[in-house]
Amino acid sequence: MNDEQMNDVITFLQFLQDDICERLESADTGSRFIEDAWQHDNGGGGRTRVMKGEVFEQAGVNFSYVKGDALPAAATAKRPAMAGQGFEASGVSLVVHPDNPFVPTSHANVRVFRTIPKQGEQAHWWFGGGFDLTPYYPFDEDIIHWHQVAHDACAPFGDGVYEEFKAWCDEYFYLRHRQETRGVGGLFFDDLNRWDFDTCFAFIKAIGQAYCEAYIPIVNKHKNSLFDDEHKQFQKYRRGRYVEFNLVYDRGTLFGLQSGGRTESILMSLPPEVSYRYNYQPESGTQEARLYEYLKPQDWLKSKGR
């Protein structure tokens with residue numbers, strides 16, 4: 001990946017942030033994102049955008065570009081040969097926490113990474129990203145729609161791409177200490193350089209642009225659903241799982257903190273209101289208990305009818 005190609009990706013990522021923000025604003029009721037532009041001593045920087053509205057209790061859409069003289073531990077744990085190399089990384093990362101418990105939380109990320117090797121060393125580059133859905137009160141038709149959009153975005157890039165990255169998502173967003181998935185999955189991939197640059201870049205574009213196609217219809221469908229305090233309290237309880245995953249397992253959080261990224265931007269992904277209940281178990285047969293039937297890897301398109 002040369003400098004011109006890297007710049008093309010960065011330009012697209014800035015456009016993607018703008019586009020997603022506009023579409024999320026259109027789903028809320030007159031709310032707008034507030035932007036914090038930031039710079040880092042290493043020459044990197046970014047644009048953190050957060051919206052607190054009527055539909056979205058908190059939505060954050062970040063663009064970042066960071067670089068450094070040496071890769072952080074989170075990046076070299078599985079790549080020891082790259083230890084000591086400089087790097088450049090850029091991406092768009094977003095988490096949306098709706099107010100209505102019947103609207104799922106969603107997450108998406110697309111990113112690019114390349115190393116700046118010392119003389120005689122090999123350069124490396126790859127893409128990563130995906131999107132996943134975390135409902136509190138799941139609806140089969142929403143999950144099928146979410147995965148169908150993911151499937152269709154992957155289809156032009158070969159047979160089995162959706163199935164591979166769907167399985168990777170199920171494995172990655174898994175809370176081992178709870179023995180449950182974070183939600184109903186979607187797509188996740190990393191180290192993507194199996195194709196040439198143009199094809200990998202086209203894939204990133206397809207995934208980034210598919211997120212709103214998958215999510216906004218679900219938001220519009222449920223944003224006006226009636227809910228009571230019991231629903232809201234269960235949402236806050238289940239948001240605790242989101243906190244657990246992001247602070248215990250998420251590689252992006254670790255990379256951001258270790259690479260000197262802006263802390264407020266990195267932790268923007270955490271929900272604004274969370275509750276913890278000791279040894280809580282929902283009553284059998286309730287809507288709340290039904291959620292746990294969904295927190296395991298499943299072939300949503302096949303099992304629910306495609």
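Quick notes on this one:
- For GLY84, residues with placed amide H under 5 Å, excluding near neighbours: LEU71
- Selected from GLY30, GLY183, GLY260 as most flexible by GNM, with the chain as the system and alpha-carbon contacts under 10 Å: GLY30
- Using only side-chain charges placed at the Cβ, +1 for Lys and Arg and -1 for Asp and Glu, the dipole size of region 183-306 relative to its Cα centre rounds to 220 debye.
- The overall shape of region 182-306 is oblate: from the C-alpha gyration tensor, with semi-axes ordered a ≥ b ≥ c, the ratio a/c is 1.5 or greater and a/b is no larger than b/c.
- Most mobile of TYR242, TYR211, TYR278 in a GNM of the chain (Cα contacts under 10 Å): TYR278
- On full extension, the segment bounded by SER26 and GLU164 gains 46.4 nm, given 0.36 nm per residue less the C-alpha separation.
- With every protein chain in place, the chain: carbon and sulfur % of accessible area (1.4 Å): 48 percent
- Our helix-only sum for the chain, with -39,500 (n - 2.57) per DSSP H run of n ≥ 4 divided by its residues, gives a mean residue ellipticity at 222 nm of -12500 deg cm²/dmol.
- Less than 5 angstrom separates the built amide H of GLU180 from those of LEU175, all sequence-distant by 5 or more or on a different chain.
- Area of SER64 that stays accessible when all protein chains are in place (1.4 Å probe, Å², to 10): 40 Å²
- Averaged per residue, region 92-220 has 35 square angstrom of accessible surface, using a 1.4 angstrom probe with ligands and nucleic acids left out.
- Three-way shape label, region 151-206, alpha-carbon gyration tensor, a/c 1.5: prolate
- Using a simple spin-label model with pseudo-atoms 7 Å out from Cα toward Cβ, GLU264 and PHE15 lie 3.0 nm apart.
- Region 188-257: C-alpha gyration tensor shape, a/c 1.5 cut-off, then a/b vs b/c: oblate
- For the chain, a simple Cβ point-charge model (Lys and Arg +1, Asp and Glu -1, everything else neutral) yields a dipole of about 620 debye relative to the Cα centre.
- The alpha-carbon atoms of region 1-142, seen along their principal axes, cover 55, 31, 23 angstrom, with the largest extent given first.
- Cβ-placed point charges (K, R +1; D, E -1), dipole of region 252-306 about Cα centre in debye, nearest 20: 300 debye
- Nitroxide proxy distance, nm - points 7 Å out along Cα→Cβ at THR286 and GLU121: 5.4 nm
- Taken over the chain, the ratio of Cα radius of gyration to 2.2 N^0.38 Å equals 0.99.
- Just checking the listed ones, GLU88, GLU264, GLU288: in the Gaussian network model of the chain with Cα springs under 10 Å, the one fluctuating most is GLU264.
- Taking Lys and Arg as +1 and Asp and Glu as -1, the other residues whose beta-carbon sits under 13 Å from that of VAL161 total -2.
- For region 268-277, Karplus couplings with θ = phi - 60° (6.51, -1.76, 1.60), whole Hz, Gly/Pro x: 4, 5, 6, x, x, 9, 9, 9, 10, 10
- Site pair SER225 and SER275 shows an inter-label distance of 1.9 nm when each label is modelled 7 Å from Cα along Cα→Cβ.
The values are calculated or read from the model by the stated rules, or taken from the named source; none is laboratory data. Bear in mind the structure is a predicted one, so any value in this text is a computation, not a measurement. With ideal geometry, Cβ positions are generated from the backbone for all residues, glycine too; neighbour counts draw on all protein chains shown. Please note that ligands, DNA and RNA were not included when accessible areas were found on the heavy atoms of the full protein model with its side chains. Shrake-Rupley method; radii C 1.70, N 1.55, O 1.52, S 1.80 Å.
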